[in-house]
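Let me begin by presenting the structure, written as structure tokens, before commenting on it.
The values are calculated or read from the model by the stated rules, or taken from the named source; none is laboratory data. This structure is a prediction, so every number in the text was calculated from the model and none was measured. Cβ: placed from backbone, ideal geometry, glycine included. Neighbour counts: every protein chain shown.
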Amino acid sequence: MNNPWMIGEVEPYRVGTFNVVVKDNLDVQGLPTTCGSRLVASTALPAEEDSSVVARLRATGAHVRGKANLVEFAFGVHGINPWFGTPTNPCSSDLIPGGSSSGSAVAVAVGAAEVGIGTDTGGSIRIPAACCGVLGLKPTYGLIDETGCAPLAPSLDTIGVLSRTIGDLEQGFVGIGGILEGSAPAWIGQLPSGVTAFDAVVTEVLASIDLPIRPMPEVEIDHLWEDGNTVLLSEAYRQLSGYLSQAHRLDPRGLERLRGAMRISESHYLDALQRREGQRERFFRLLGMGEGILVLPTMARAVPYRSSLDVSQVNRLTLPFNYLGCPALTLPVDVGALGLQGHGSGGTVPFALQLVAVDHRESQLLEAARCIDERFSRR
């Protein structure tokens with residue numbers, strides 16, 4: 001198709017207007033919601049009304065260009081869609097665009113919209129933002145009204161925004177119902193990712209920030225990732241298992257993952273949910289109940305090639321913060337060794353930082369991101 005970052009008809013871009021694309025697991029009045037699935041698309045009827053976030057955006061005067069492509073059912077980080085075409089990573093076409101909000105990320109990266117609306121269950125905004133060199137914000141869990149959004153893992157699902165600039169990110173966030181209040185962080189905690197070269201870039205960036213820096217090894221990222229993965233897969237299976245009767249019509253990548261989720265026991269799932277509140281309380285205390293923010297890489301590996309589709313541990317540093325429910329922001333920076341975050345035949349991917357705060361401290365993330373962006377902007 002001509003615009004693989006979009007699904008279906010596309011409204012023209014309006015100069016001087018705030019243009020938006022909407023991930024196709026969110027209702028837009030008059031358009032079917034396909035969830036990136038040919039199985040769903042075969043019977044989907046046009047939505048009778050806008051999802052809550054789209055209605056809010058329209059009320060601000062935003063122009064909705066259409067529905068953005070995604071991984072089938074928003075269930076995957078690779079960004080590949082065999083039914084509607086795969087959005088082309090603008091950094092290099094032989095790299096994955098990241099998912100599941102691949103179309104939203106590519107659309108803003110190529111200037112087709114000021115903001116892309118996406119969903120983030122395990123990194124599905126931050127990962128494509130990192131892969132395509134744009135910004136992505138996953139708000140606090142439960143802050144944004146999800147009416148009119150197809151669920152994947154209801155304990156983790158969050159609607160958020162992608163953009164090329166912090167100003168557009170703020171406008172999009174407020175437009176979907178976000179709130180910006182509060183001051184800048186008093187200090188920054190650095191969480192090691194376990195990859196020396198990536199952690200060195202974070203250290204270099206933070207050395208230029210006029211705030212105290214604290215090491216944060218107490219955040220047990222791998223334990224959080226394991227529990228988050230248990231919740232995500234268990235709840236996704238509950239949402240999607242009905243489609244297994246037509247497995248031959250599903251994307252084989254998602255199907256393999258869905259079948260793997262069948263092996264997770266109910267007790268294992270409930271144990272992971274039960275541990276979450278204690279982990280949240282611990283994380284809040286570690287960040288001084290909102291005084292500090294955390295900074296780490298978005299992905300502790302290079303962006304994978306489309307030909308390999310090795311996406312192992314791509315969401316290792318993002319899914320933990322869906323599990324905790326905290327707001328998190330991905331920011332591309334012009335620092336670090338060329339191609340460290342990814343290198344393809346068409347170019348390189350800028351390094352992607354991730355900033356994390358406690359609940360309802362999105363303003364802290366945006367203030368810190370603005371400070372970093374002024375020094376290390378790749379634009």
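A few comments on the model shown:
- Which listed residue, of Asp199, Asp251, is of a type in the set (Asp, Glu) and in contact with a Phe, Trp or Tyr (Cβ under 8 Å, 6 or more places away or on another chain): Asp251
- Test result for Val40, farther than 20 Å from Val174 by Cβ and touching a Ser or Thr at 6+ places or on another chain (Cβ under 7 Å): yes
- Here the strands (runs of 3 or more DSSP E) wholly within region 142-236 that include at least 1 residues being of a type outside the set (Phe, Trp, Tyr) and under 19 Å from the mean Cα position of the chain (by Cα) are 158-163.
- Gln239 being assigned to a helix (DSSP H, G or I), at pLDDT 95 or above and surrounded by 13 or more Cβ atoms within 10 Å (Cβ to Cβ): yes
- Test for Thr121: is it in contact (Cβ under 8 Å) with a residue 60 or more places away in the chain, surrounded by 24 or more Cβ atoms within 10 Å (Cβ to Cβ) and either touching a Phe, Trp or Tyr at 6+ places or on another chain (Cβ under 9 Å) or at positive phi (or both): yes
- Top-ranked residue in region 274-309 [being surrounded by fewer than 16 Cβ atoms within 10 Å (Cβ to Cβ) and of a type in the set (A, V, I, L, M); ranked as nearest to Ser100 (Cα to Cα)]: Leu309
- Filter result for Ser92 (more than 19 Å from the chain's Cα centre (by Cα) and closer than 19 Å to Met299 by Cα): yes
- Residues in region 256-310 that are under 25 Å from Glu218 (Cβ atoms) and polar (S, T, N, Q): Gln274, Gln279, Thr298.
- The set of residues in region 157-187 being out of contact with any Cys (no Cβ under 8 Å at 6 or more places or on another chain), surrounded by 24 or more Cβ atoms within 10 Å (Cβ to Cβ) and among the hydrophobic types (A, V, I, L, M, F, W, C) consists of Val161, Leu162, Leu169, Phe173, Ile176.
- Ala130 over 18 Å from Thr33 (Cα atoms), hydrophobic (A, V, I, L, M, F, W, C) and in a loop (DSSP other than H, G, I, E, B): no
- Selection of first residues in region 133-162 that are within 17 Å of Gly76 (Cα to Cα) and basic (Lys, Arg) and of second residues that are modelled with pLDDT of 95 or more and in a loop (DSSP other than H, G, I, E, B), restricted to Cβ pairs under 6 Å at least 6 apart or on distinct chains, gives the following pairs, ordered by first then second residue: Lys138/Ile125.
- Yes/no for Ile372 being surrounded by 19 or more Cβ atoms within 10 Å (Cβ to Cβ), over 17 Å from Phe173 (Cβ atoms) and among the aliphatic types (A, V, I, L, M): yes
- Criterion violated by Gly189 - all others in (1) in contact with a helix residue (DSSP H, G or I) (Cβ under 6 Å, 6 or more places away or on another chain); (2) modelled with pLDDT of 95 or more; (3) not aromatic (Phe, Trp, Tyr) satisfied: (1)
- Identification of helices (runs of 4 or more DSSP H) wholly contained in region 1-115 with 3 or more residues that are surrounded by fewer than 24 Cβ atoms within 10 Å (Cβ to Cβ) and on the phi < 0 side of the Ramachandran plot yields 38-41, 52-59.
- Assessment of region 245-256 against the conditions (assigned to a loop (DSSP other than H, G, I, E, B) and not aliphatic (A, V, I, L, M)) yields at least one matching residue.
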